[in-house]
Amino acid sequence: MSKEGLFESDGVVVDVYPDGRFKVQLENGHNIIAYTAGKMRKNRIRMLTGDRVTVEMTPYDLDKGRINFRHKDTRAPVPGQQRRPPQRRFR
């Protein structure tokens, strides 16, 4: 599939799901399920609830997308924001 038909939109991470998936609310109010792009996963870029992100979607399925970019130092105010506990390393 070519990248010609893709379009980008900004949004806010609303919920964190397992396996690198997130519920993202777009600027227009729609909620989609998005996964992290390969480069973000490779470089271990973490996202929490309330982070502003750029999502890339295909016109064939507007309910799913791929997170390409996490905007730095801009957190959207989310009521009841939860922080993830730090990960433990077992040796």
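The values are calculated or read from the model by the stated rules, or taken from the named source; none is laboratory data. Bear in mind the structure is a predicted one, so any value in this text is a computation, not a measurement. Glycine also receives a Cβ, built like all others from the backbone with ideal geometry; neighbour counts cover every protein chain displayed. Only protein heavy atoms, including side chains, enter the accessible area calculation; ligands, DNA and RNA are left aside. Shrake-Rupley method; radii C 1.70, N 1.55, O 1.52, S 1.80 Å.
Based on this model, can you work out whether F69 counts as touching a strand residue (DSSP E or B) at 6+ places or on another chain (Cβ under 9 Å), open to solvent by 100 Å² or more (accessible area, probe 1.4 Å) and modelled with pLDDT of 90 or more? In short, yes. If you scan the range 1-57, which residues turn out to be open to solvent by 30 Å² or more (accessible area, probe 1.4 Å), modelled with pLDDT of 90 or more and of a type in the set (F, W, Y)? Once the filter is applied, which keeps residues that are open to solvent by 30 Å² or more (accessible area, probe 1.4 Å), modelled with pLDDT of 90 or more and of a type in the set (F, W, Y), the range 1-57 yields Y17, Y35.
Every residue in the range 1-59 that is polar (S, T, N, Q), under 14 Å from R70 (Cβ atoms) and free of Cβ contacts under 8 Å to residues at least 40 places away in the same chain, please. Give the steps one after another, and end with the answer.
From the range 1-59, those polar (S, T, N, Q) are 2, 9, 25, 28, 31, 36, 43, 49, 54, 58; that's our starting set.
Now narrow it down to the ones that are under 14 Å from R70 (Cβ atoms): 36, 43, 49, 54.
If the condition is that a residue be polar (S, T, N, Q), under 14 Å from R70 (Cβ atoms) and free of Cβ contacts under 8 Å to residues at least 40 places away in the same chain, then T36, N43, T49 are the ones that fit.
Within the range 1-45, track down each residue that is assigned to a loop (DSSP other than H, G, I, E, B) and basic (K, R). Across the range 1-45, the qualifying residues are K3, R44.
Select from the range 46-62 the residues that are assigned to a loop (DSSP other than H, G, I, E, B) and in contact with a Phe, Trp or Tyr (Cβ under 8 Å, 6 or more places away or on another chain) and write down the one among them that is nearest to E8 (Cα to Cα). Before you say what the answer is, go through the steps one by one.
Step one: list which residues in the range 46-62 are assigned to a loop (DSSP other than H, G, I, E, B), which gives 46-50, 59-60.
Okay, now just the ones that are also in contact with a Phe, Trp or Tyr (Cβ under 8 Å, 6 or more places away or on another chain), so 47, 59.
On the way: M47: 18, P59: 11 Å.
Filtering first and then ranking leaves P59.
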